[in-house]
Structures are given as structure tokens and as C-alpha cells.
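Trainee: Please read through the structure below; I'll follow up with questions.
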Amino acid sequence: MNKVRIFIADDHELLRAGLRRLVESRPDWEVSGEAADGTQVVQMVLEQKPDVLILDLAMPGANGLAIAAELTKTSPAVQVLIYTGDDDPNLIYGAFEAGAKSFIRKTDDRAQLTSAIEALGRRKPYLTPEVAEILLAAQFRAEKTQELTAREREIVRLLCEGKSNQETATLLEISTRTVEVHRAAVMRKLQLDAFADLVRYAVRHKIVKL
């Protein structure tokens, strides 16, 4: 039986040691290599051709999302498992957009990590219930974006570019009250609570570029 070859990329030595022990505890897994600096990861993975890459997002030298995106293009057979202490939903969206097949938080139960490696070793994606919920919410909101009218999109763009309600109204030759009504309607439609959420949403869906 061929072993699943696993590459570990994390700048914390103790964490790499813990991951190494986990991998070595399984007779069907083996560590193909390790890297502590992001600049080393892509080249080493291309040379060693592991089945699974366990990748921290916050590594010195190179951003984990950039590494995942590069390997998706240059070595698509490698299954990328993001293993990070950050659970920002925007990072989760970004990880899967970059080509990752799983996103495990360092605070998750070790069984989740084991299950993720097992799934990726079979070339199957793995989502924890929490990550699945976040991605489903993102999909729902993406679908809702398609329902924004041209006027709503224009108002969102101007507001997120820093225009006030009054400035937006003047530019579009409508009343300030109309801008306020559209803004409130968009927030309800997208199920957003704060204007900062709307800005992040507009950037992510390319309604505005900052």
C-alpha cells in the first residue's frame, strides 16, 4: 500500500514537531518534508511532490494564500490543507478561492485534523461543520448579490468609496432619503449588520476596489 506523503509548512518548531508525531503515528502516512519559511514552500513541494500539504497562513517570507494559489496552478495534484490559528471568515473564503481543499483551525479538535488528512489523502475535500456553515453563508450572500439592482450596486459602490449619503444623492441626482432607503434595503437583503461588513462585501464581490 502506498503511503500518503505529507509536507508540513509552519514556522513554529514545536507545532511542526507535533504534526510530525501525528503523521508518524500512522503506518499509512509519512512526512515528505518540512519548511519553516514561506519562500521555501513552493519550490520544495514542486521537488518532493507530496500528496498533502499542511500549510500555515501566517508564515514569514510568503503569504499562505499566495502559496496555495501558486501551487494550485503549478502543482494541482497537491491537496492543500490550511492549518491556522486565524478563523476570520474572509480568510476562509480566500483559502478556498486559492484552491485549498480543507481549512482546520489550530483550536479544532485533533480528530478534525486527522479526518481532514485522511480525506485529502483520498483526494476528497474536507470541511468542518463550522467552515461549511461559513461557506454556505458566503454562497447565499453571493446569490443575493445577483439580486441587487443596478441602482443599488451604484449606491453601494459610491458609499463604499467613501461618499456620504448627501454626496451620493448629488452624484446620482436623487434625494438623500432615497439613498438612505436603498442603503437600508441592501443591508437587509445581504443580512449585514454594520457598514464595515458592507465594505468588505463590496470589495470581495468586486463592486468596489480599494
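Trainee: May I ask you to say which residue of 150, 132, 98, 185 is small (Gly, Ala, Ser), within 24 Å of the chain's Cα centre (by Cα) and surrounded by fewer than 19 Cβ atoms within 10 Å (Cβ to Cβ)? Working first, answer last.
Mentor: Numbers: 150 fails: within 24 Å of the chain's Cα centre (by Cα); 98 fails: surrounded by fewer than 19 Cβ atoms within 10 Å (Cβ to Cβ); 185 fails: within 24 Å of the chain's Cα centre (by Cα).
After applying the criteria, what remains is 132.
Trainee: Can you find a residue in the stretch 27-37 that is surrounded by fewer than 17 Cβ atoms within 10 Å (Cβ to Cβ), hydrophobic (A, V, I, L, M, F, W, C) and in the same structural domain as residue 109 (by TED's automatic domain parsing)?
Mentor: No, the conditions are met nowhere in the stretch 27-37.
Trainee: Looking at (1) modelled with pLDDT of 90 or more; (2) surrounded by 16 or more Cβ atoms within 10 Å (Cβ to Cβ); (3) in contact with a Ser or Thr (Cβ under 8 Å, 6 or more places away or on another chain), which is the one condition that is false for residue 160?
Mentor: (3)
Trainee: Further question on the same structure: Looking at (1) within 26 Å of residue 190 (Cβ to Cβ); (2) of a type outside the set (A, V, I, L, M); (3) not in a strand (DSSP E or B), which one does residue 103 not meet, given that it meets all the others?
Mentor: Of (1) within 26 Å of residue 190 (Cβ to Cβ); (2) of a type outside the set (A, V, I, L, M); (3) not in a strand (DSSP E or B), only one is false for residue 103: (3).
Trainee: Which residues, counting only those in the stretch 60-81, are crowded, with 22+ Cβ neighbours inside 10 Å and in contact with an Asp or Glu (Cβ under 8 Å, 6 or more places away or on another chain)? It would help to see each step written out before you state the result.
Mentor: We begin by selecting, within the stretch 60-81, every residue crowded, with 22+ Cβ neighbours inside 10 Å; these are 64, 67-68, 71, 78-81.
Listed by number, the residues that qualify are 64, 78, 79.
Trainee: Can you report the number of residues in the stretch 131-156 which are in a helix (DSSP H, G or I) and either modelled with pLDDT under 75 or closer than 30 Å to residue 106 by Cβ (or both)?
Mentor: Adding up the residues that qualify gives 15.
Trainee: Further, regarding this structure: Taking residue 172 as the residue in question, decide whether it is outside the structural domain of residue 90 (by TED's automatic domain parsing), under 28 Å from residue 89 (Cβ atoms) and touching a residue at least 12 places away in the same chain (Cβ under 8 Å).
Mentor: Considered against the rule, which asks whether it is outside the structural domain of residue 90 (by TED's automatic domain parsing), under 28 Å from residue 89 (Cβ atoms) and touching a residue at least 12 places away in the same chain (Cβ under 8 Å), residue 172 comes out as no.
Trainee: Can residue 156 be described as under 24 Å from residue 93 (Cβ atoms) and either of a type in the set (S, T, N, Q) or not assigned by TED's automatic domain parsing to the domain that holds residue 94 (or both)?
Mentor: yes
The values are calculated or read from the model by the stated rules, or taken from the named source; none is laboratory data. Fair warning: this is a prediction, and the values are worked out from it, not measured in the lab. All Cβ positions, even for glycine, are placed from backbone atoms using ideal geometry, and neighbour counts span all protein chains on display.
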